[in-house]
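Working notes, structure below.
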Amino acid sequence: MTTLLDTNALRAIVADVGLDQLMDEMTERLRRSFAEFDDKSVSTITRTGFSYDEPQFGLLEWMPSMEEGERIAMKVVGYHPENPTVNKLPSVMATTTLHDATTGRLLAITDATLLTALRTGAASALATRLLAPVDATTMLMIGCGAQAVSQIHAVSRVRPIEQVLIFDTDDVVQASLRSRLPESVRDQVALRPVHADQLKDALSHVDLVCTATSVEPGVGSVLPDGPHRPDLHVNAVGADFPGKVELPAELVRRAVVIPDDVDQCLIEGEAQRLERDELGPTIIELSKEPELAEKLAGGLTVFDSTGWAVEDRIAAELALDHATRVGVGTDVELQDFTADPYDPYELGR
Ligand SMILES: NC(=O)c1ccc[n+]([C@@H]2O[C@H](COP(=O)([O-])OP(=O)(O)OC[C@H]3O[C@@H](n4cnc5c(N)ncnc54)[C@H](O)[C@@H]3O)[C@@H](O)[C@H]2O)c1
């Protein structure tokens, strides 16, 4: 049997567990997995896929990871930034499959659009907990789309955020952000929309910055450089395509840049502007050595979040664990095994 977690199953899990609890569990599972990460038993392959400009700009990528002898996870994720306005679909849509790493059998398929937002938020929560000022109360959020929801949610779970200055080039998306946030965040956090010409001033007085935009390759940065508090922390989430960046090059060069996946960040993250030896420790290394993070937290830090395949396996497993507990999900005979393993035609008899 293959377990299928569709939108209804995920909806039931969210209703049972609650978004706050899910985000906290996701953050804790990421922290634990990173702290215990062993590259001898876990492997990933640099993501690849198809990208195209017609009929609209987009890409479809696959992100595999394997725990030796246990499971192989593969997220297939699409990024089509015109989707929300043209097709009334999310920009980022994903599905994750889990296979048995001994037999290759398909164990589970889960919708991973919510899970992608959750794990991307959780990765920022982890980086924020390791690197951002402990008294951070103000944040600048650039890009107010789908990922902004889980970024603000995640960060406000680990820091006492009271005010978020928000900016989006699309006024409608900027205006609707509050209505998309969980109630707990709406109770805790005041949103203050700002204009493009106020971004430099905003940077000068916030404690934290997060960027999650669909800015086109070659067009960024989305933030002007300028003065900021010396221990500012930035979660840069949206640079995930060659040529696509969100932060000013000078700011990236001044910062200690913390990659999630070094090779991926050098190809498609903020680190595109840096050499390998100019990068700081990875988020995995910092999770293993939080004392090192404490030292770095006194200066400017950038979490270069491009999205790591291992995070998607952890997110799928979290959903499956809850599905088992709550009793949701459908077991389907997707791979119908016949009595004779040598006889694929048995089905037709
Ligand atoms: N790091 C990761 O693991 C990860 C995970 C998921 C998505 N992403 C990336 O995050 C980005 C945002 O994803 P999303 O799902 O929120 O997309 P979305 O389409 O829902 O929202 C993106 C928003 O950015 C706005 N925008 C575009 N250019 C801007 C600019 N110059 N200044 C301010 N706002 C601007 C758009 O108007 C839109 O509202 C995408 O690039 C996506 O690929 C990264």
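The values are calculated or read from the model by the stated rules, or taken from the named source; none is laboratory data. As the structure is a computational prediction, the values presented were derived from the model and not from experiment. Every residue, glycine as well, gets a Cβ built from its backbone with ideal geometry; the counts of neighbours run over all protein chains shown.
Of note:
- Residue match in the range 208-220 (condition: at pLDDT below 95, within 14 Å of the ligand (Cβ to nearest atom) and under 26 Å from Val310 (Cα atoms)): yes
- Considering the range 185-221, the residues that are among the aliphatic types (A, V, I, L, M) and closer than 22 Å to Thr116 by Cβ include one that is surrounded by the most Cβ atoms within 10 Å (Cβ to Cβ), namely Ala212.
So that you can scan it fast, the table gives a plain yes or no per residue for (1) within 17 Å of the chain's Cα centre (by Cα); (2) more than 16 Å from the ligand (Cβ to nearest atom):
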residue	(1), (2)
Lys244	yes, no
Leu251	no, no
Gln264	yes, no
Gly269	yes, no
Ala315	yes, no
Asp321	no, yes
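- Leading residue by the ranking (surrounded by the fewest Cβ atoms within 10 Å (Cβ to Cβ)) among those in the range 38-94 that are aliphatic (A, V, I, L, M) and assigned to a loop (DSSP other than H, G, I, E, B): Ile45
- Thr116 vs. criteria of a type in the set (Ser, Thr, Tyr), farther than 25 Å from Glu28 by Cα and not in a strand (DSSP E or B): no
- Exactly one residue among Val149, Val189, Val164 is near the ligand (Cβ under 10 Å from one of its atoms) and either in contact with a strand residue (DSSP E or B) (Cβ under 8 Å, 6 or more places away or on another chain) or without any contact (Cβ under 8 Å) to a residue 40 or more places away in the chain (or both), and that residue is Val149.
- Pairing each residue of the range 116-142 that is closer than 20 Å to Lys295 by Cβ and among the acidic types (Asp, Glu) with any residue that is within 13 Å of the ligand (Cβ to nearest atom) and part of a strand (DSSP E or B), provided the two are 6+ apart or on different chains, yields no C-beta distance under 6 Å.
- Qualifying position, being in a helix (DSSP H, G or I), at pLDDT below 95 and more than 16 Å from the chain's Cα centre (by Cα), among Glu285, Glu346: Glu346
- Thr102 being over 20 Å from Thr46 (Cα atoms), in the same structural domain as Thr27 (by TED's automatic domain parsing), within 14 Å of the ligand (Cβ to nearest atom) and among the polar types (S, T, N, Q): no
- Of the residues making up the range 95-113, those that are assigned to a helix (DSSP H, G or I) and touching a helix residue (DSSP H, G or I) at 6+ places or on another chain (Cβ under 6 Å) number 0.
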